[in-house]
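Bear in mind that the values in this text are calculations on the coordinates, not laboratory data. As the structure is a computational prediction, the values presented were derived from the model and not from experiment. In this analysis, Cβ positions are derived from the backbone assuming ideal geometry, glycine residues included, and neighbour counts consider all displayed protein chains.
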Amino acid sequence: MTGCANGGDENATPIDYDKPDASTTDGSADGSAGDAGCVPKTCVQLAATCGSAPDGCGGKVECGSCPNGQICGGGGTNKCGTNTCAPKTCVQLEATCGYVSDGCSQAIDCGKCQSPYSCGGGGRPNQCGCVAKSCAQLGASCGSLPDGCEGKVDCGACPAGQTCGGGNAPNTCGGGTCTPKTCSQLGASCGYVSDGCSQALNCGTCSGTDVCGGGGKPNQCGCTPKSCVQLGASCGQVDNGCGALIDCGSCPPGETCGGSGVPGQCGCTCSAPNASTSCSGGVCSINQCDAGWADCDGDVVNGCETDIRTSTNHCGACNNPCSFTHADAACVAGQCVLGQCENGFANCDGVAATGCETDTLNDANHCGSCTKVCDAANGTPDCSGGVCGVQCNPGWGDCNASVTDGCETELTSNVHHCGSCSLDCLSPAPSNVAQAGCTSSACAIIACNPASYDQNGQFADGCECIDDNVASTCGAAFQVPPGTLGLGASADQAGTLVPTGDEDWFVINFSGQDTCGFHPHVTIEDQSGTGAIRVDVATDCAGAAIPCSEGGTSVGQIEWEFTFDDTCGTNLARDPAKMASSPTTVYIRVYATAPSTTCLPYVLHISN
């Protein structure tokens, strides 16, 4: 046998190491291709509403555009919104292969891997890598051969009597023969390659920018140039990794290449007080305020101008003013703090949110201070000007002007404080009052002095009616005038009917009954104004009424008189027949025909 039938066939199809490796453990949006069973994800599954995104199977999916006024990435990765978004490059994302999201709106292609590496082949998404294969995976039982990752693996020796490569296949034991090939015969200029029988040949290394397989051909030195995207460059002349410069474009107005401090990136720089900033198109934007500061006026020029740790209008956040009821407010470490209360108010509930809620000038439960509670026996406590007072219950008074004991004085029956603290029924007592009292908060006469009477029921004038001491019985009648009342004589007698039901009795002796001039005449003058006083005239205590000369009787009269008729003229003898009926002694009963609430004074006028 002149050679191995299956060993190192020059016409064998070479392995395409640039084909996406479907065996990658992470077949997601890392730019690695999946196997035939990989199902690309949709925009809905990726929660993408705009732009393009890695589909999880080595490709990308287009998800549309945003409405006017919004940008893709303005609301988050592949989401529409109005915020600004700065896309990242493959370099910034540390991605060396496959599709990866730029963090805003696009799936960017970070290139392919050079043989024998694949994207994600080392288990890291969007990183070129390779997992060395074992003898069993390679179907080798002896000798050494390339491990698929620029190294080699040793698979042992054959039993005695057998040779490695003699089993009709490279690196298999058998009794046959195998002729190994050289690197030159295999057309390999670098890396490990199988000699077709039993050994992995080291065909050398590459120099300069070339790498083994770098041109896309296994075991051949070469260089695959990188694109501007792969290099993370958006402007200027950039080395493509193979010793040549490529033009990555120019920058928009307001920006320069490297202006943001990153080579190959368009940008500009700016600064603002108390803030970190970014610049795009010559326009400065605030990215983030320093701790404790905020941009409350929206003006980039003055940056984050508001100290939200101390500002009472923007405490802890913009437009969060500190305000408390009846109190000053302060902002301390970004928290609203209750300050000094207004005069007359206090924070009695201890809750800052309610401020100084208590009116200590007028609140009886917090009078003058939070702990002062006004109390009042027999009354309702009140507070005025921060001083406790009391509103007394009906029938009680604060006569000692001390709120300590409340309304200590009973006013309905207290003779010294009757109805009010200032009314003393005995200071002074009304005239002729022997005993005064207080009844239902009003001064009242309990007893009058002897011969005095309270006829009108008025306390102010006391016992205003004085008894005239005239006898109230006929048997003890008072004589008026003393002796007899002769012809041409007259007399007046004053009196008072008191108390109610009183009557006065008088006896009068007239003389001259043996002459024609005999003319007894009695008139009662009612000074009470009631018109209720009357007189009865009798000749004795038996009550015999004296006939009037004109007829009728002398009962219930206001005037009584007796005269002879015309037959008894001057110098004529008096009619002897009338002498027996001539009233020489009469009894006068003075009385009232109806009860009265006033004194009943009168004057009795007597003449002959």
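Could you give the radius of gyration (one decimal) and Dmax (whole number) of the Cα atoms in the stretch 66-210, in Å?
Rg then Dmax for the stretch 66-210, in Å: 24.0, 82.
Take every Cα pair under 8 Å in the stretch 379-493 that's 6+ residues apart, average their separations, divide by the length, and report that relative contact order as a whole percent.
13 percent
Using only alpha carbon positions, build the gyration tensor of the stretch 99-142, then give the equivalent ellipsoid semi-axes as the square roots of 5 times its eigenvalues, largest first, whole angstrom.
Equivalent ellipsoid of the stretch 99-142: 32, 9, 6 Å, largest first.
Is the stretch 176-231 rounded, prolate or oblate when judged by the Cα gyration tensor, a ≥ b ≥ c being the square roots of its eigenvalues, rounded requiring a/c under 1.5 and prolate requiring a/b larger than b/c?
prolate
In terms of modelled amide H atoms, which long-range or inter-chain residues lie less than 5 Å from the amide H of A329?
G339
Roughly how large, in nm² to one decimal, is the mean projection of the convex hull of the alpha-carbon atoms in the stretch 409-484?
6.4 nm²
State to the nearest 20 debye the size of the charge dipole of the chain about its Cα centre, where the only charges are +1 on K and R beta carbons and -1 on D and E beta carbons.
4740 debye
Would you mind ranking D514, D102, D328, D210 so that the residue whose beta carbon has the fewest other beta carbons within 10 Å leads the list?
The most exposed by this proxy come first: D514, D328, D210, D102.
What are the ³J(HN,Hα) values, in whole Hz, obtained from phi via the Karplus relation 6.51 cos²θ - 1.76 cosθ + 1.60 with θ = phi - 60°, for each residue of the stretch 253-266 in sequence order, with x given for Gly and Pro?
Taking θ as phi minus 60°, the curve returns x, x, 10, 10, 6, x, x, 8, x, 10, x, x, 10, 6 Hz for the stretch 253-266.
Sort the chain into rounded, prolate or oblate with this rule: let a ≥ b ≥ c be the square roots of the eigenvalues of the Cα gyration tensor; rounded if a/c is under 1.5, and if a/c is not under 1.5, prolate when a/b is larger than b/c, oblate otherwise.
prolate
Per residue of the stretch 388-397, what does 6.51 cos²θ - 1.76 cosθ + 1.60 with θ = phi - 60° give for ³J(HN,Hα)? Whole Hz please, x for Gly and Pro, Karplus curve as stated.
The phi angles translate into 5, x, 8, 9, 6, 5, x, x, 9, x Hz.
Could you tell me the extents of the stretch 262-408's C-alpha atoms along the three principal axes, largest first, rounded to whole Å?
Ordered largest first, the stretch 262-408 gives principal extents of 99, 18, 16 Å.
Using only alpha carbons, build the gyration tensor for the stretch 228-267 and give me the equivalent ellipsoid semi-axes, biggest first, whole Å.
Its equivalent ellipsoid spans semi-axes of 19, 9, 7 Å.
Answer with one residue from G281, T179, Q435: the one whose Cα lies farthest towards the positive end of the charge dipole of the chain, charges on Cβ with Lys, Arg +1 and Asp, Glu -1.
It is T179.
Would you list which lysines come within 24 Å of K79, measuring only between C-alpha atoms, while excluding same-chain residues fewer than 8 positions from it?
Excluding near neighbours in sequence, the set is K41, K60, K88.
Can you give me the orientation-averaged projected area of the convex hull built on the Cα atoms of the stretch 469-545, in nm²?
Spelled out: convex hull of the Cα atoms, projected over all directions, averaged, 6.1 nm².
Once amide H atoms are built 1.01 Å from N in the peptide plane, which residues 5 or more positions from G73, or in another chain, come under 5 Å H to H?
Here the answer is N78, K79, C80, G81, since their amide H atoms fall under 5 Å of that of G73.
Please list 3J(HN,Hα) in residue order for the stretch 499-504, calculated via the Karplus relation 6.51 cos²θ - 1.76 cosθ + 1.60 where θ = phi - 60°; whole Hz, with x for glycine and proline.
Working through the residues one at a time gives x, 4, x, 5, 9, 10 Hz.
When a/c reaches 1.5 or more, the comparison of a/b and b/c decides; with that in mind, is the stretch 141-238 rounded, prolate or oblate per its Cα gyration tensor?
prolate
Just want the ordering: I524, I445, from fewest to most Cβ atoms lying within 10 Å of their own Cβ.
Ranked by crowding around the Cβ, least crowded first: I524, I445.
Using the structure shown, select from K112/K152; K112/K133; K181/K226 the pairs with a Cα to Cα distance greater than 30 angstrom.
In this structure, K181/K226 lie more than 30 Å apart at Cα.
Taking the Cα centre of the chain as the origin and placing charges on Cβ (Lys, Arg +1; Asp, Glu -1), which of P482, G254, G123 is farthest toward the positive end of the dipole?
G123
Taking neighbour Cβ counts within 10 Å as the exposure measure, how do T358, T584 sort from fewest upward?
So the ranking, lowest neighbour count to highest, is T584, T358.
Out of residues 5 or more away from S413 or on other chains, whose amide H comes under 5 Å of its own, with H placed 1.01 Å from N in the peptide plane?
Amide H neighbours of S413, under 5 Å, 5+ apart: S441.
Can you give me the relative contact order of the chain as a percent, contacts being Cα pairs under 8 Å and 6 or more apart?
6 percent
Let's see if you can work this out: charge +1 on each Lys and Arg Cβ, -1 on each Asp and Glu Cβ, no other charges. What is the dipole magnitude of the stretch 363-440 about its Cα centre, in debye to the nearest 20?
100 debye
What's the extension gain from T42 to E503 if we count 0.36 nm per residue and subtract their Cα-Cα distance?
Taking 0.36 nm per residue and subtracting the Cα distance, the gain is 153.0 nm.
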